[in-house]
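The values are calculated or read from the model by the stated rules, or taken from the named source; none is laboratory data. Just so you know, these numbers come straight off a predicted model, no measurement behind them. Glycine gets a Cβ as well: all are built from the backbone with ideal geometry, and neighbour counts include every protein chain shown.
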Amino acid sequence: MFNLKVFNIQNLNIFFISILPIGLIAGSLISNTIIILICIFFLYDLSIKKDLIYLNKFNFYFLIIINIYLFLNSFFISENSESLIKSIGFLRFIILTYAISYYLIDNSKKILKVWTLLFLIVTFDILFEYTFGKNILGFKSPYIGRISSFTGDELKIGGYYFGFIFLCLFFLKRYKQRYFLFFSVLFFVSSFLIGERSNFIKIFLMYFLFFTFFTQINFFKKFLVIILFILIPLTLIFSSQNYYKDRYIHHVISKELIEKFQTKKEDKIYKKIISENRYFSHYYVATNIFKDNIFFGSGFKSFRIESYKDKFYKDGIYGASTHPHQFHFEILSELGIIGYLLIFSNLIYILFSKSRQKNQLLELGSFLFIIISLIPILPSGSFFTSYGATIFFINYSFLIRPNNRNKIKNTSE
């Protein structure tokens, strides 16, 4: 598959990009090692091929400006001593993005074959763990109603599934068209069984948008497919063990709170909702931190410090954590309105540019991933962690890749 008989930098980087999902599952040390190797070999490969002009793009400089802002924000604003190093380290995701987009031009089939094979193995493992209570390596989830698969105690397989589901599904659609509906249902059911509510809702919304607006089938078939994907989770919730009912219904807002709301016994019901939902508590604290530092935020990677300060413990709501568990709140609280406008201006620019082009399926999958990722309120991982950023920028790379090698020389893109 990789033609390893011809040992060169390009084949080596294609190999590392292909196994990057394994690094994500194995842990930050391995994934970061792979990313750094990809970045080094990519820049060296560009230099010997005299293709450095590939980086001479408006969007590349846009990302560099964002990285510079992270550095300055860390240097002048943040109280977190590690933030300066992490802001410099963010450069690896920019280089990674352009490395993946560069090698996807001629090698997307090779790379997607491996990613899809790995995704199918993870899918099998999820079903195995659901059936037998432990995955094929013997890992057990520490929480009832949650499947951890190969990630063990970290319980983040849902983020991996959300990030790769449409890339792999659309790759299978290209080569296994007649099995597309089968794999669509299989992946959808597996995403539900993982037990991560937010990621499942995001996957459901991706399915809804795709089958509603981007499929060439008549209205009646679209209606049937959408009904199918609504009935599947409802059937699984109400026909399965109580812990699925608890995770998808009662863990969002407690039964007692619902009763108070219905009988109007609680005067300040919204504060009770916030205090009893840990994600809403994080959002509440992040909002107060933002109000305290509107323009520049409290500093890159500083939520883990600021959220523990007494002044942000208000109205009986305690939302301290390492990050607010939501992209918008994280960026606003740590980087302020300036950082928020920089980052989301770039994302809007990329999405708008891509929406004007005739997109292939893989680009459409990444487009839908980023659109859904930007939905406010729904919980997410940190935008700046190795795990979350890698998955995000893998999808981002599909939106910036040229359609053919001739466009590498086009510096106006």
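Assorted remarks:
- Residues located in the range 347-387, provided they are of a type in the set (Gly, Ala, Ser) and either closer than 28 Å to Ser83 by Cα or buried (at least 17 other Cβ atoms within 10 Å of the Cβ) (or both): Gly365, Ser366, Ser373, Ser380, Gly381, Ser382, Ser386
- Every test in (1) within 21 Å of Leu374 (Cα to Cα); (2) surrounded by 22 or more Cβ atoms within 10 Å (Cβ to Cβ); (3) not aromatic (Phe, Trp, Tyr) is passed by Ser302 save one, and that test is (1).
- In the set (1) modelled with pLDDT under 90; (2) among the aromatic types (Phe, Trp, Tyr); (3) farther than 23 Å from Tyr387 by Cα, Tyr279 fails one condition alone, (3).
- Positions within the range 293-334 being acidic (Asp, Glu) and either touching a residue at least 12 places away in the same chain (Cβ under 8 Å) or within 11 Å of His282 (Cα to Cα) (or both), in sequence order: Glu306, Asp315, Glu330, Glu334
- The residue that is surrounded by the fewest Cβ atoms within 10 Å (Cβ to Cβ), counting only those in the range 134-186 that are of a type in the set (Ser, Thr, Tyr) and within 20 Å of Asn199 (Cα to Cα), is Tyr143.
- Of all residues in the range 376-387, none that is farther than 15 Å from Asn199 by Cα has its Cβ atom under 7 Å from the Cβ atom of a residue that is in a loop (DSSP other than H, G, I, E, B) and at pLDDT below 90, 6 or more apart or on another chain.
- Here is the figure for the range 202-228: residues that are in contact (Cβ under 8 Å) with a residue 40 or more places away in the chain, surrounded by fewer than 17 Cβ atoms within 10 Å (Cβ to Cβ) and part of a helix (DSSP H, G or I) total 3.
- For Tyr69, the requirement of being of a type in the set (Phe, Trp, Tyr), closer than 30 Å to Ser298 by Cβ and part of a helix (DSSP H, G or I) is met.
- The residues of the range 1-27 that are in a loop (DSSP other than H, G, I, E, B), within 27 Å of the chain's Cα centre (by Cα) and modelled with pLDDT under 95 amount to a single one, Gly27.
- One residue stands out among those in the range 42-73 that are over 28 Å from Lys354 (Cα atoms) and either at pLDDT 95 or above or within 21 Å of the chain's Cα centre (by Cα) (or both): the one that is surrounded by the fewest Cβ atoms within 10 Å (Cβ to Cβ), which is Leu72.
- Test result for Ser74, more than 28 Å from Thr151 (Cβ to Cβ) and of a type outside the set (A, V, I, L, M, F, W, C): yes
- Picking from residues in the range 309-344 that are over 20 Å from Pro379 (Cα atoms) and part of a loop (DSSP other than H, G, I, E, B), the one that is modelled with the highest pLDDT is Lys309.
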